[in-house]
1. Show me, for the stretch 2-11, the HN-Hα J-couplings you get by feeding each phi into the Karplus relation (A = 6.51, B = -1.76, C = 1.60, θ = phi - 60°), rounded to Hz, glycine and proline as x.
2. Taking trypsin sites (Lys or Arg not before Pro) as exposed when DSSP calls them loop (any state but H, G, I, E, B) and at most 11 other Cβ atoms lie within 10 Å, what is the longest stretch of the chain free of them, the sites themselves excluded?
3. I need the phi-derived Karplus couplings for the stretch 67-82: 6.51 cos²θ - 1.76 cosθ + 1.60, θ = phi - 60°, integer Hz, Gly and Pro marked x.
4. For a test of understanding, tell me how many lysine pairs in the chain have Cα atoms under 17 Å apart, given they are 8 or more places apart or on different chains.
5. Name the residue farthest towards the positive end of the dipole of the chain from the options 90, 60, 19, assuming +1 on Cβ of Lys and Arg, -1 on Cβ of Asp and Glu, about the Cα centre.
6. Determine the gain in length on full extension of the stretch residue 2-residue 49; use 0.36 nm per residue of separation and subtract their C-alpha separation, reporting nm with one decimal.
7. In what order do 77, 67 fall by count of nearby beta-carbon atoms within 10 Å, going from fewest to most?
8. DSSP loop (so not H, G, I, E, B), at most 10 other Cβ within 10 Å: list which GluC sites (Glu not before Pro) in the stretch 1-99 pass both filters.
Amino acid sequence: MKYAILESGGKQYKAVEGGVIDVDRLPVKAGEQLKLNSVLLLVDGDNVTVGAPVVSGASVSARVVEHFKGPKTVNFHYKPKKRIRQKTGHRQSYTRLAIEAIE
């Protein structure tokens, strides 16, 4: 099985050929091709290549499937006897990538 650990937006993701990953929103339109060069680890069967910090010459080709928002998280701050109630929410924006090839 061929897979790679790549970095996008300061987070690490496991990319498998033919798979789909959700990363933080990227400034790319849906349907466009994307090449990610920050590959930290590359595994091809029994061959494991670890980068220092990245694997030179390795890249991951992906296609942007869609942009979407994740589930809403609600933050509620409450202090009893002081009439302090603060409710805020947040929805993170994501980009769904279809991994086409690991080179």
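Every number here is computed from the coordinates shown, using simple stated rules; none is lab data. These numbers were taken from a predicted model, which means no experiment stands behind them. Because the Cβ atoms are built from the backbone with ideal geometry, glycine has one as well, and the counts that use them run over all protein chains shown.
1. Using θ = phi - 60°, the values come out as 9, 8, 9, 9, 10, 10, 8, x, x, 10 Hz.
2. Values: sites that count: 29, 72, 81, 82, 83, 91.
Result, exposed sites excluded: 30-71.
3. With the stated coefficients, the stretch 67-82 comes to 10, 8, 10, x, x, 7, 10, 10, 10, 10, 9, 9, 10, x, 6, 10 Hz.
4. On the way: 2/14; 11/35; 14/35; 29/69; 72/87; 79/87.
Eligible lysine pairs with Cα atoms under 17 Å apart amount to 6.
5. Of the options given, the answer is 90.
6. Working: separation 47, 0.36 × 47 = 16.92 nm, distance 1.16 nm.
Stretched fully, the residue 2-residue 49 segment lengthens by 15.8 nm.
7. Values: 77 9, 67 14.
Arranged by neighbour count, lowest to highest, 77, 67 become 77, 67.
8. On the way: sites: 7, 17, 32, 66; in loops: 17, 32.
Those that pass, being in a loop and sparsely packed, are 32.
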